[in-house]
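Following this message is one structure expressed as C-alpha cells.
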Amino acid sequence: MQKAIFSDLMPLHYGYVHDGLAAVRDFRSAGLIDDEIVTAWTNIASGKKNLIATGNATLLHREQYDVVGWQFDNVRAYRQADGIGAALTYAMTLAGSPSIAGVPALRNFIPFHVTRRLADGRTVDIKTPIPNWDCSYFNLRWKYVTTELLPRYQAMVEHDWNATVERMRVPYEQQFESHRPIYNLPKILGDALANTVVTVR
C-alpha cells in the first residue's frame, strides 16, 4: 500500500516542486489525473491556509479511497470463511502508529470500553488499549484522517515549521523501517499500559 501511494503521488509532487502547476496540468492532459486533483493542487498553490487544507484533504481522499481503498477491501476479504484477512486488517489497526506528534495511534482512536455493574451496586468502566474498529473500512479510516491526522498536520505546518521540515527530511527508507511493528513493540506495550483506564463509580 505504501508503494502504491508513493507511486501515485510522488510523480505529482516531484512535478509540482520543479514546474509548478504547469506540471500538474501536463498530468491532466495525459489523462493521469482528473480535474478534481488539478483543483486540489491549484488550491495548494494559492498559499491560502484554508485552500491549502482543502487541497491536502482532496489528495488524502484520493490516497485513501482510490489508491489503497480497494487493497484494504481485498485484504479484509481474503479467506473470508476463516477470517484470516479480517484478522490481518485488525492487526494493522492494533499496530498502526502515525508519524505526526500528537496524533493518537489507530488502536486508541476508537477503543473498546467495557462497563459492568459490581455486586455492591457500583459501576466499573474499563477503557482498553484494544481497538473497537478496523482501519480497512474507508468511512472509519477517513474519519480518523479528517478528525485526527489532517488537523494535527495542519497545526504542525502553521505553528512549528521547523519540526515539519525536519520530519519531511527523514529518508523514506528510514521512515518505512521505523514503522514496522517489530520495532514499535515497546511503544505498543507502553501505550497499552498508559491507555488502560479503570474507573469505579
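The values are calculated or read from the model by the stated rules, or taken from the named source; none is laboratory data. Quick caveat: nothing in here was measured; it's all calculated off a predicted structure. Don't worry about glycine lacking a Cβ; one is built from the backbone with ideal geometry, like all the others, and counts go over all protein chains shown.
Among helices (runs of 4 or more DSSP H) lying entirely in segment 32-77, which contain 3 or more residues that are touching a His at 6+ places or on another chain (Cβ under 9 Å) and among the polar types (S, T, N, Q)?
No helices (runs of 4 or more DSSP H) qualify here.
Tell me, please, whether a residue that is of a type outside the set (A, V, I, L, M), touching a strand residue (DSSP E or B) at 6+ places or on another chain (Cβ under 9 Å) and at pLDDT below 90 can be found in segment 179-193.
The answer is yes, given that some residue of segment 179-193 is of a type outside the set (A, V, I, L, M), touching a strand residue (DSSP E or B) at 6+ places or on another chain (Cβ under 9 Å) and at pLDDT below 90.
Another question, then. Does PHE109 satisfy the criteria of being farther than 21 Å from LEU12 by Cβ and hydrophobic (A, V, I, L, M, F, W, C)?
yes
Hey, could you check segment 91-117 for residues that are part of a helix (DSSP H, G or I) and of a type in the set (A, V, I, L, M) and say which is farthest from the chain's Cα centre (by Cα)?
Taking the candidates together, the pick is ALA91.
Do you know which residues across segment 104-130 are closer than 15 Å to VAL197 by Cβ and free of Cβ contacts under 8 Å to residues at least 24 places away in the same chain?
Once the filter is applied, which keeps residues that are closer than 15 Å to VAL197 by Cβ and free of Cβ contacts under 8 Å to residues at least 24 places away in the same chain, segment 104-130 yields PHE112, HIS113, VAL114, THR115, ARG116.
Looking at segment 118-146, which of its residues are crowded, with 17+ Cβ neighbours inside 10 Å and in a loop (DSSP other than H, G, I, E, B)?
The answer is TRP133, ASP134, CYS135, SER136.
I would also like to ask the following. So the check is Cβ under 6 Å with 6+ separation or different chains; which pairs have a first residue in segment 133-160 that's β-branched (Val, Ile, Thr) and a second one that's in a helix (DSSP H, G or I)?
VAL145/LEU60; VAL157/THR164
Starting from residues that are in a helix (DSSP H, G or I) and in contact with a helix residue (DSSP H, G or I) (Cβ under 6 Å, 6 or more places away or on another chain), keep the ones in segment 78-87 and report whichever is nearest to CYS135 (Cα to Cα).
Looking at the filtered set, the residue picked out is ALA86.
Under the condition of being over 13 Å from THR42 (Cα atoms) and aromatic (Phe, Trp, Tyr), which residue from segment 6-20 is modelled with the lowest pLDDT?
Residue satisfying both the conditions and the ranking: PHE6.
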